[in-house]
Amino acid sequence: MTLDNHVIPFQLGKNKVRGNIVRLQTVVSEILKRHEYPSNVESLFADTLAITACLGSRMKHDGVFTIQAKGTGDVHTLFSDITSDGFLRGYVGLSSGFTNRESNLNSLMGSGHVSFTLDQGKHSKRYQGIVSLEEPSMSKTTELYFNNSEQLETKFLTFNYYDINISSRKKLFSAGLIMLQKMPAKNSFEEESDEEVWQNSLNFLSTIGIEEFLSTSLTSEEILYRLFNELEITVYDEIIIQDQCRCSDEKIKFAIMNLSKKELNEIADENGNVNVVCEFCKTERKFPS
């Protein structure tokens, strides 16, 4: 069992409830280190990256899953995506002179929406779901999306160490979550039994604290069995998540080639070079115009 950067699917009560546990260490810490956001934005971004890894890990074919929030507030853009290979990336767009110290999603982003997009190319039709920014966190916003659009009762419990005061982060995962979803009852006779398993799942989930969840001394399997061993838990193979951007010299050269002479002159430096910094990984590249 690896301790570093993974999603592990599981089910409870003979698939009456399904879920994922996500625990990310270097992936989130390295992404955030490159961007140097304020701590309240780091916390929001860390939760978003964990939710993206959780939902994107379900892809059955080659593709990309994206979460993108657009708002009118001091945080105007929140973006993260993951490929079917587990390559996770993202960035946050802040207003100039950003000083907002709020942790509430509405206070940071104002009014707007969040889109959840699954694009698996030729394998299936592109799917996009949209929900308004009306909840206090990304976890609650994602729950609203599933409850309304997918008709699935869903619970997200997110954790990260960016919004807590601790002396050392060395023995903690950076971020993670546990997601639970109540599966549709097969028939009316099973509804009461399914509801009991669902309520027990939520009750057991509520017993875990942030430092226990983030502790590297516990494996994800140990956490799951501690919480749900009374509910006939089945744990599946882990899915590895990696910090890897998809930018490349070729993609940027292609974009530059499609610019007009006027556009090139406007962005070129005094030596005639076009300097490009990737919004995701902060890699700097220089190309002659």
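The values are calculated or read from the model by the stated rules, or taken from the named source; none is laboratory data. Being a predicted model, the structure only gives us computed values, none of them experimental. A quick note on method: Cβ atoms are made from the backbone with ideal geometry, for glycine too, and the neighbour counts reach across all protein chains shown. Only protein heavy atoms, including side chains, enter the accessible area calculation; ligands, DNA and RNA are left aside. Shrake-Rupley method; radii C 1.70, N 1.55, O 1.52, S 1.80 Å.
Here are some notes:
- Criterion applied to LEU177, LEU172, LEU152 was being of a type in the set (A, V, I, L, M, F, W, C) and more than 22 Å from THR26 (Cβ to Cβ), and the one residue passing it is LEU152.
- One residue from SER103, SER95, SER139, SER149 being in contact (Cβ under 8 Å) with a residue 12 or more places away in the chain and over 30 Å from LEU202 (Cβ atoms): SER95
- Scanning the stretch 29-53 for residues that are under 13 Å from the mean Cα position of the chain (by Cα) and either closer than 22 Å to LEU227 by Cβ or of a type in the set (Gly, Ala, Ser) (or both) gives SER43, ALA46, ASP47, ALA50, ILE51, ALA53.
- A Cβ distance below 8 Å, combined with a sequence gap of six or more or placement on separate chains, defines the contacts here; from the stretch 248-269, residues that are within 15 Å of ARG285 (Cα to Cα) reach residues that are part of a loop (DSSP other than H, G, I, E, B) and among the hydrophobic types (A, V, I, L, M, F, W, C) in the pairs ILE267/LEU259.
- Test result for ILE166, open to solvent by 50 Å² or more (accessible area, probe 1.4 Å) and either free of Cβ contacts under 8 Å to residues at least 12 places away in the same chain or aliphatic (A, V, I, L, M) (or both): no
- Every residue from the stretch 118-136 that is over 20 Å from MET179 (Cα atoms), open to solvent by 70 Å² or more (accessible area, probe 1.4 Å) and without any contact (Cβ under 8 Å) to a residue 60 or more places away in the chain: LYS122, LYS125, ARG126, TYR127, GLN128, GLU134
- Any hit, the stretch 22-38, residues being modelled with pLDDT of 95 or more and closer than 24 Å to GLU153 by Cα: yes
- Test for SER115: is it touching a residue at least 40 places away in the same chain (Cβ under 8 Å), closer than 25 Å to HIS76 by Cβ and in a helix (DSSP H, G or I): no
- When PHE287 is tested against (1) more than 30 Å from ALA175 (Cα to Cα); (2) of a type in the set (Phe, Trp, Tyr); (3) assigned to a helix (DSSP H, G or I), exactly one condition is not met: (3).
- Taking the stretch 148-158 as the range and being more than 17 Å from SER80 (Cβ to Cβ) and surrounded by 14 or more Cβ atoms within 10 Å (Cβ to Cβ) as the test, the residues that pass are LEU152, GLU153, THR154, LYS155, LEU157.
- Within the stretch 270-283, tally of residues that are open to solvent by 40 Å² or more (accessible area, probe 1.4 Å), free of Cβ contacts under 8 Å to residues at least 60 places away in the same chain and within 25 Å of the chain's Cα centre (by Cα): 2
- Taking the stretch 178-198 as the range and being of a type in the set (D, E, K, R) and more than 24 Å from PHE159 (Cβ to Cβ) as the test, the residues that pass are LYS186, GLU190, GLU191, GLU192, ASP194, GLU195, GLU196.
- Of the residues making up the stretch 237-258, those that are over 20 Å from the mean Cα position of the chain (by Cα) and not acidic (Asp, Glu) are SER248, LYS251, ILE252, LYS253, PHE254, ALA255, ILE256, MET257, ASN258.
- The single residue among LEU144, LEU231 that is under 20 Å from the mean Cα position of the chain (by Cα) and farther than 18 Å from VAL22 by Cβ turns out to be LEU144.
- When the helices (runs of 4 or more DSSP H) confined to the stretch 213-268 are screened for residues that are open to solvent by less than 60 Å² (accessible area, probe 1.4 Å) and modelled with pLDDT under 95, those reaching at least 1 such residues are found at 249-257, 261-267.
- Residues that are at pLDDT 90 or above, open to solvent by 40 Å² or more (accessible area, probe 1.4 Å), of a type in the set (D, E, K, R) and in a helix (DSSP H, G or I) occur at least once in the stretch 137-147.
- Filter pass, VAL75 being at pLDDT 95 or above, under 18 Å from GLU30 (Cα atoms), touching a helix residue (DSSP H, G or I) at 6+ places or on another chain (Cβ under 7 Å) and of a type in the set (Val, Ile, Thr): no
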